[in-house]
Every structure is written in C-alpha cells, then in structure tokens.
Amino acid sequence: MKTYPSTDGKAVFVRLPRGSDLLEGLNEAARELGIEAGTLQVIGAVSRLALGQYDQDAHEYTTHEREGGHELASGLGNVSLRDGAPFVHLHVVASATDGSILAGHLMPGTTVFLAEAYFRRLDGPPPVRSHDEDTGLPAWQ
C-alpha cells in the first residue's frame, strides 16, 4: 500500500497493491491510518468484480461476480466503527469492456488491477454500526 497524506493529516490518497482484495485492502488502510470516521472515494480498475444487492424482504445479499477487467467509474462510501474496528461501506459503479454497467455494494472477492482511494477523516466521535432490527443491516444507531 502506498499513501500520500495531506499536510493537515485529515486526508490521504491510498494506492492498493495489484492482486489484492479491494474491500479487504480498504479496511486495512482505514485501520493502519487510524480512520474511524470518514468519507471515501475510489477509482481505478479491477480484474474481478463482486458486488451485492440487498434483498429488503429476505434481509440478505445476493452477490453478482464477474471475471475480467472492469473500470471503477465511481466508488463512494464511508468509514465508521463496527465491532470496535474501522469498517468500510462502499458502493461501486463499474463498466465492462463492452460498456455495460454493474453497480452495487462492494463485496469481498473484488481483485485490484489498479485502485486509487481518497480517505477524508472526520472529526468527532465515530458513528458505530450495530444490527438494526428493522432493516436487518448493520447501521448507525
């Protein structure tokens, strides 16, 4: 992982290693940088894509996996605490070589070709995620 921090310490660019898991790498970066509350943007490309769609009735994710190169046209998310550790929540829009688009919740199994992330640290106490009975999701309480 390569980092390029701002002089005020509130923001940092992160480049993840090729072949790493995107979600795991972003969570690791947040931990190593000590970011417990923040915003996150990601662009780049992946060689394998795994995105989820949440079934609101069944309270479970369906994962859509695609082999082959995809451009990360947009990745927007946040960092909060879950089970006492920094937790990245990221939604991605990705395009295939034929121009088709797939979007959803970033899942484990997405392999980095080249990923550049921007973390922006927020001041104050971090939001904490815990199980929300109504949605079935880990949400800020």
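What the Cα convex hull of the range 48-116 gives, in volume per residue, is 104 Å³. When PHE119, PHE13, PHE113, PHE87 are compared by accessible area of protein heavy atoms, the largest-first order is PHE13, PHE113, PHE87, PHE119, using a 1.4 Å probe. Could you identify which residue out of HIS89, HIS131, HIS64 has the top mean-square fluctuation in a GNM of the chain using Cα springs shorter than 10 Å? Of HIS89, HIS131, HIS64, the most mobile in the Gaussian network model is HIS131. Once you reduce the range 35-72 and the range 75-104 to the center of their Cα atoms, the two points are 5 Å from each other. Secondary-structure-derived ellipticity at 222 nm for the chain, considering helices only, amounts to -2500 deg cm²/dmol, per-run term -39500 (n - 2.57) for DSSP H runs with n ≥ 4.
Taking only protein heavy atoms and a 1.4 Å probe, the accessible area of the range 1-125 is 50% carbon and sulfur.
Summing Lys, Arg as +1 and Asp, Glu as -1, what charge do residues with Cβ under 12 Å from the Cβ of THR110 carry, THR110 excluded?
After counting each charged neighbour, the total is -2.
Of all DSSP beta bridges confined to the chain, the antiparallel ones make up roughly 95%. Diffusion coefficient of the range 98-141 by Stokes-Einstein, Kirkwood radius over Cα pairs, 4 °C, 1.567 mPa s: 89 µm²/s. Across ALA115, ALA50, ALA85, mean-square fluctuation computed from a Gaussian network of the chain (C-alpha pairs under 10 Å connected) peaks at ALA85.
Across the range 9-23, coupling constants 3J(HN,Hα) worked out from phi with the 6.51/-1.76/1.60 Karplus curve, θ = phi - 60°, read x, 9, 9, 7, 8, 10, 10, 8, x, 4, x, 7, 7, 4, 5 Hz, and Gly and Pro carry x.
Remark on ALA115: its backbone amide H falls under 5 Å from those of LEU16, ALA45, a criterion applied only to residues 5 or more positions apart or on other chains, H modelled at 1.01 Å from N. Of all the options ASP83, ASP57, ASP21, the one that moves most in a Gaussian network model of the chain with Cα springs shorter than 10 angstrom is ASP57.
Just subtract the alpha-carbon distance of ARG120 and LEU76 from 0.36 nm times their residue separation and send over the number in nm, one decimal.
Working: separation 44, 0.36 × 44 = 15.84 nm, distance 1.18 nm.
In short, 14.7 nm is gained.
In the chain, the inverse of the mean reciprocal separation of distinct Cα atoms equals 15.5 Å; this is its Kirkwood hydrodynamic radius. For the chain, averaging the sequence separation of C-alpha pairs within contact (under 8 Å, six or more residues apart) and dividing by the residue count gives a relative contact order of 32 percent.
Once the 1.4 Å probe is applied to the protein heavy atoms, the range 44-136 comes out at 54 Å² accessible per residue.
The values are calculated or read from the model by the stated rules, or taken from the named source; none is laboratory data. Everything numeric in this text was worked out from a predicted model, so none of it was measured. When we count neighbours, we look across all protein chains shown, and the Cβ atoms used for this are built from the backbone with ideal geometry, even at glycine. When the accessible area is computed, the model is the full protein with side chains, heavy atoms only, and any ligands, DNA or RNA have been set aside. Shrake-Rupley method; radii C 1.70, N 1.55, O 1.52, S 1.80 Å.
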